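The values are calculated or read from the model by the stated rules, or taken from the named source; none is laboratory data. Bear in mind that the values here come from a model prediction, so they are computed numbers and not experimental data. Here Cβ is always computed from backbone atoms with ideal geometry, including for glycine, and neighbour counts include all displayed protein chains. In case anyone asks, the SASA skips ligands and DNA or RNA and just uses the protein heavy atoms, side chains included. Shrake-Rupley method; radii C 1.70, N 1.55, O 1.52, S 1.80 Å.
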Amino acid sequence: MKPKRTVRGWTVKSHLVTAETEMDLPSRPEVFDFHGVSMTHYFTDNWENIQNFQARPDDILIATYPKAGTTWVSNILDQLYFGQTSPERQTSIPLYARVPNLEITIPSLQPGSGPFSTAYKGTDMVDKLPTSPRLIKTHLPVQFVPKSFWEQKCRIVYVARNAKDNVVSYFHFDRMMFLQPEPGDWSSYLLRFMEGKMVFGSWYDHVNGWWKKKQTYSKLHYMFYEDLIEDTGREIDKLCCFLGLSPSIEEKERITGRVQFDCMKRDNMVNHSTFPGMDFKMSSFMRKGKVGDWKNHFTVAQSEQFDEDYKKMMKNPTLQCRTEI
Ligand code: PPS
């Protein structure tokens with residue numbers, strides 16, 4: 001019999017409300033090949049609704065490979081758009097409900113009326129968003145993005161993070177998130193990352209696919225996690241330019257302070273401490289927030305092998321990610 005563990009669950013009302021609940025944990029999902037991309041059922045079960053999703057012209061899509069800085073950029077955009085008009089939003093609604101993940105679908109995991117008894121669909125969450133614009137999060141590789149986003153010419157912000165820090169962050173996330181496949185040990189995890197067997201597929205295909213799209217789709221702003229670390233204010237300026245926003249200097253300073261790592265780590269509305277299914281005893285969601293933590297994980301041999309392989313996978317010289325700053 002599987003052990004019962006206390007995990008966070010949810011009850012869906014106007015947004016997510018969480019509660020501790022004791023239940024049998026579902027088994028960790030397996031990845032499978034889905035149109036050439038490794039995925040789990042949590043992101044494919046609602047596929048028809050995802051593909052038929054009706055975007056609006058002012059929707060803003062925040063697209064990333066998992067663990068590249070999605071939460072950071074989502075918070076920046078939420079602050080930019082709604083920080084002044086509805087500040088209560090930031091103190092009462094978790095960020096993952098303000099900026100829902102379009103493709104996530106979690107079936108009801110237990111009968112009754114308690115946490116996990118209601119199925120959760122990202123598409124429904126987006127449909128219920130009362131805001132304008134709607135901020136929508138996705139980890140989909142570019143070829144899976146619902147066509148209405150292109151037809152409606154929506155603005156898209158893509159964030160890339162260097163592969164070495166990205167895989168380290170993903171490894172720790174998979175350790176603490178029971179809706180993700182079992183990560184196994186670090187060395188086998190790293191090999192699977194290099195083979196593209198992660199949820200949402202190959203990092204190399206993801207960052208390259210979106211980079212290529214940028215060449216033909218002008219409403220795509222491609223940014224890097226390392227640049228945000230280096231100079232958050234400068235990157236917010238670039239974002240504002242792309243979005244056509246002109247906040248006051250004071251407002252920009254307020255936002256820059258609000259989205260610093262330590263501030264976000266303390267903020268229960270953004271640090272995912274209320275997100276269902278995460279075991280914070282294993283790792284934190286806001287874990288380190290650094291460039292170069294990979295040096296604490298890769299052996300010299302692993303780093304050399306990774307770099308060799310990287311050269312073969314990343315042929316486009318215009319796309320450069322920094323592993324240190
Ligand atoms: S997810 O689950 O895909 O949405 O995760 P995502 O938000 O993309 O990535 C989580 C990593 O981003 C780091 N993070 C930050 N770093 C610096 N400053 C700020 N403000 C910030 N916010 C989030 C977070 O700590 C995760 O990285 P690691 O390396 O694991 O710490």
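Listing for the model above:
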| read-out | value |
| --- | --- |
| Options E235, E324: the member that is touching a residue at least 24 places away in the same chain (Cβ under 8 Å) and of a type in the set (D, E) | E324 |
| Test: D127 is acidic (D, E) and without any contact (Cβ under 8 Å) to a residue 12 or more places away in the chain | yes |
| Filter pass, K265 being open to solvent by 30 Å² or more (accessible area, probe 1.4 Å), more than 14 Å from the ligand (Cβ to nearest atom) and either assigned to a helix (DSSP H, G or I) or more than 28 Å from F144 (Cα to Cα) (or both) | no |
| Boolean, D227 is open to solvent by 10 Å² or more (accessible area, probe 1.4 Å), assigned to a helix (DSSP H, G or I) and within 16 Å of the ligand (Cβ to nearest atom) | yes |
| Scope segment 284-308; condition acidic (D, E) and open to solvent by less than 30 Å² (accessible area, probe 1.4 Å); matching residues | D293 |
| Qualifying position, being outside any strand (DSSP E or B), buried (at least 17 other Cβ atoms within 10 Å of the Cβ) and more than 18 Å from the chain's Cα centre (by Cα), among L109, L179, L140 | L109 |
